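Please read the structure below before turning to the comments.
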Amino acid sequence: MNHQPRVIPRLLSVLVFSAFFAMTVLAAEEGEAPQPAMYATFWSLIPPVVAIALALVTKEVYSSLFVGILVGGLFFSGFSFEGTVTHVFQDGYLSVLSDAYNVGILIFLVILGIIVSLMNKAGGSAAFGRWASEKITSRAGAQLATIGLGVLIFIDDYFNCLTVGSVMRPVTDKHKISRAKLAYLIDATAAPVCIIAPISSWAAAVTGFVEGEDGLALFISAIPYNFYALLTILMMLVLALTSMDFGPMAVHEKNAREKDDLFTTAGRPYANVAGADHIGRGSVIDLVLPILALIFCCVIGMIYTGGFFEGADFVTAFSNSDASQGLAMGSFFGLVFTILFYLVRRVMRFEECMSCVPEGFKAMVPAILILSFAWTLKAMTDSLGAAEYVASIMESCAGGLMNLLPAIIFLVGCGLAFATGTSWGTFGILIPIVVAVFANSNHTLMTISISACMAGAVCGDHCSPISDTTIMASAGAQCDHVNHVSTQLPYALMVAAVSFVTYIVAGFTQSAWISLPVGAVLIVGVLLLMRNRIPAQDS
């Protein structure tokens with residue numbers, strides 16, 4: 001009886017596989033042209049759309065991503081069996097897993113898992129949970145503390161997701177906040193905060209795409225126009241203060257409050273990891289100091305890769321930093337510090353510390369798998385020319401309706417980031433086009449449009465099941481990934497709709513002092529109207 005609900009998703013997966021196999025046979029018989037027929041066309045966006053749709057329908061992310069990868073391989077090879085296999089493995093899996101940047105992120109992910117395992121086994125997490133339960137006395141307070149910590153850790157979204165999750169998970173569990181809600185709070189304070197922080201890996205990425213302009217100055221001037229990021233933070237605060245939720249999230253929160261069920265669904269990939277929280281005899285310092293050391297080491301690692309110790313100033317070094325290499329090196333030294341710190345304090349023996357290495361790796365296996373699939377799917381999409389297709393659309397519509405262009409750019413950025421799962425790739429495509437369109441003309445409108453690029457990219461990234469940041473948020477909250485995506489989507493779409501309207505206002509007024517308050521009033525107004533129809537929850 002327990003396995004019966006899985007029959008329909010599995011049947012759908014089999015039907016999809018069968019359908020694409022049939023397409024392969026028919027195409028081979030008809031002798032369709034390979035790459036030229038689909039390169040830089042609408043079809044280049046189909047693989048991620050297939051993967052995302054299947055993930056939302058079947059609630060099974062691994063096979064859904066694989067089907068999307070398979071579709072991309074078929075499209076690229078012209079439905080050739082040999083060409084598909086070669087492209088999927090050689091240009092896909094092997095290529096992304098041998099990429100230095102991706103390997104650095106995986107190393108960082110594994111080391112973070114080991115540090116979290118160490119803090120759990122030493123008792124630092126449990127001690128912090130006990131301390132926080134005395135200071136934080138309500139569900140609203142726990143949510144506000146999570147938001148506050150997420151805003152403070154603005155350096156990098158990956159680091160934000162995993163650090164906030166490991167620190168606040170014991171606190172939110174204590175106050176019966178669902179893992180889905182925790183994942184939303186983590187995700188909504190990761191990319192949206194990083195994209196409005198001048199000193200962050202995201203700011204460095206954006207400034208690198210702006211040629212012929214002062215990238216950092218342009219980034220700072222665009223912050224008041226980054227409506228999606230700012231309104232997302234406002235929405236989180238309103239939701240926490242009013243103790244209101246809606247859509248699938250309301251179901252998860254009700255189950256957490258009334259049934260003490262933090263997961264709601266059967267999918268609990270991290271449930272067995274939580275058992276280590278009460279081991280050890282550590283105190284609050286055994287969580288706080290390793291986290292502070294980790295932050296310090298990661299900052300040093302990032303500015304080191306940017307040439308800070310070779311004479312570059314701090315801001316320049318951060319702008320030129322390699323986030324992957326810096327985070328990998330920084331987290332390694334943070335790990336070394338944590339082990340030595342625990343040994344000196346005698347809260348753990350060396351053998352116990354070493355036993356946390358495979359445990360931490362094991363805890364991050366779901367995130368590593370999903371990231372590997374997502375990166376491979378992106379490689380398939382790139383090989384089909386999705387970037388060129390979107391760029392051609394943007395260039396064709398840039399000539400007219402200049403005042404509506406920020407709103408149009410926002411929508412295009414949302415769609416592209418949602419389909420590809422990458423914000424930085426979306427920046428790289430859209431920002432150079434915007435700079436070229438507005439060169440030597442309306443500088444204010446160019447600033448608003450660049451901000452629309454960033455906001456749309458973050459919005460699409462926030463909604464996409466194949467986004468690495470979304471995957472990291474699921475890992476940080478130890479939440480089922482599909483649960484996180486399905487509960488977060490209504491919230492993100494509401495802010496996206498209000499942001500779209502706000503960009504229309506900004507395009508005509510060209511003033512943040514007018515457009516941003518309009519967006520804030522719309523967000524608060526919509527939420528208050530919804531609250532009148534939704535009973536308030538216990539805080």
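Since Val521 meets every condition but one in (1) over 20 Å from Lys254 (Cα atoms); (2) in contact with a helix residue (DSSP H, G or I) (Cβ under 9 Å, 6 or more places away or on another chain), which condition does it not meet?
(2)
Of the conditions (1) at pLDDT below 80; (2) in contact with a Leu (Cβ under 8 Å, 6 or more places away or on another chain), His3 fails just one. Which one is it?
Result: His3 fails condition (2) only.
Got a number for residues in segment 36-58 being modelled with pLDDT of 50 or more and open to solvent by 70 Å² or more (accessible area, probe 1.4 Å)?
The total comes to 5.
Being at pLDDT 75 or above, of a type in the set (A, V, I, L, M) and open to solvent by less than 40 Å² (accessible area, probe 1.4 Å) is the filter here; which residues of segment 402-432 pass it?
Selection gives Leu405, Ala407, Ile409, Val412, Leu416, Ala417, Ala419, Leu430, Ile431.
Can you confirm whether Ile295 is assigned to a helix (DSSP H, G or I), without any contact (Cβ under 8 Å) to a residue 60 or more places away in the chain and surrounded by 16 or more Cβ atoms within 10 Å (Cβ to Cβ)?
No; evaluated as a whole, the condition is false for this residue.
Please enumerate the residues belonging to segment 363-401 that are assigned to a helix (DSSP H, G or I), at pLDDT below 85 and over 21 Å from the mean Cα position of the chain (by Cα).
Glu388, Tyr389, Val390, Ala391, Ser392, Ile393, Met394, Glu395, Ser396, Cys397
Are there any helices (runs of 4 or more DSSP H) wholly within segment 77-193 with 3 or more residues that are open to solvent by less than 10 Å² (accessible area, probe 1.4 Å), and if so which?
Result: 100-122, 124-135, 139-152, 157-174, 179-188.
What about Asn440, is it modelled with pLDDT under 85 and open to solvent by 10 Å² or more (accessible area, probe 1.4 Å)?
Spelling it out, Asn440 is indeed modelled with pLDDT under 85 and open to solvent by 10 Å² or more (accessible area, probe 1.4 Å).
Residues in segment 317-343 that are of a type in the set (A, V, I, L, M) and open to solvent by less than 40 Å² (accessible area, probe 1.4 Å): how many?
6
Yes or no: segment 326-343 includes at least one residue that is within 30 Å of Gly72 (Cβ to Cβ), assigned to a helix (DSSP H, G or I) and out of contact with any Lys or Arg (no Cβ under 8 Å at 6 or more places or on another chain).
For segment 326-343, residues within 30 Å of Gly72 (Cβ to Cβ), assigned to a helix (DSSP H, G or I) and out of contact with any Lys or Arg (no Cβ under 8 Å at 6 or more places or on another chain): present.
Of (1) open to solvent by 40 Å² or more (accessible area, probe 1.4 Å); (2) closer than 22 Å to Ile195 by Cβ, Ala374 satisfies all except one. Which?
Of the numbered conditions (1) open to solvent by 40 Å² or more (accessible area, probe 1.4 Å); (2) closer than 22 Å to Ile195 by Cβ, the odd one out for Ala374 is (1).
A quick yes/no check of all residues on (1) of a type in the set (Val, Ile, Thr); (2) over 25 Å from Val505 (Cβ atoms); (3) at pLDDT below 70; (4) open to solvent by 10 Å² or more (accessible area, probe 1.4 Å):
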{"position": "Gly208", "(1), (2), (3), (4)": "no, yes, yes, yes"}
{"position": "Met236", "(1), (2), (3), (4)": "no, no, no, no"}
{"position": "Ala240", "(1), (2), (3), (4)": "no, yes, no, no"}
{"position": "Ala250", "(1), (2), (3), (4)": "no, yes, no, yes"}
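Could you list, ordered by first residue, the pairs with Cβ atoms under 6 Å in which the first is in segment 490-517 and without any contact (Cβ under 8 Å) to a residue 24 or more places away in the chain and the second is part of a helix (DSSP H, G or I) and open to solvent by less than 20 Å² (accessible area, probe 1.4 Å), at least 6 apart or interchain?
Every condition considered, the pairs that remain are Val505/Ser515; Thr509/Ser515.
Restricting the first residue to segment 170-192 and requiring it to be in contact (Cβ under 8 Å) with a residue 60 or more places away in the chain, which pairs with a second residue that is part of a loop (DSSP other than H, G, I, E, B) and open to solvent by less than 10 Å² (accessible area, probe 1.4 Å) meet a Cβ separation below 7 Å and a spacing of at least six or different chains?
Here the result reads Arg179/Cys479; Ala180/Cys479; Leu182/Cys479; Ala183/Cys479, each pair linking segment 170-192 to a residue that is part of a loop (DSSP other than H, G, I, E, B) and open to solvent by less than 10 Å² (accessible area, probe 1.4 Å).
Examine segment 344-363 for a residue that is open to solvent by 20 Å² or more (accessible area, probe 1.4 Å), touching a residue at least 40 places away in the same chain (Cβ under 8 Å), farther than 30 Å from Ile450 by Cβ and in contact with a Lys or Arg (Cβ under 7 Å, 6 or more places away or on another chain), and state whether such a residue exists.
Yes, the conditions are met somewhere in segment 344-363.
Just to verify a result, which residue in segment 344-362, among those that are charged (D, E, K, R) and assigned to a helix (DSSP H, G or I), is farthest from Ile285 (Cα to Cα)?
Residue satisfying both the conditions and the ranking: Lys362.
The values are calculated or read from the model by the stated rules, or taken from the named source; none is laboratory data. What you see is a predicted model, and the numbers here were worked out from it, not measured in a lab. Methodologically, a virtual Cβ is constructed for each residue, glycine included, from the backbone with ideal geometry; neighbour enumeration extends over all protein chains shown. Calculation scope for accessible area: heavy atoms of the full protein, side chains included, ligands and nucleic acids excluded. Shrake-Rupley method; radii C 1.70, N 1.55, O 1.52, S 1.80 Å.
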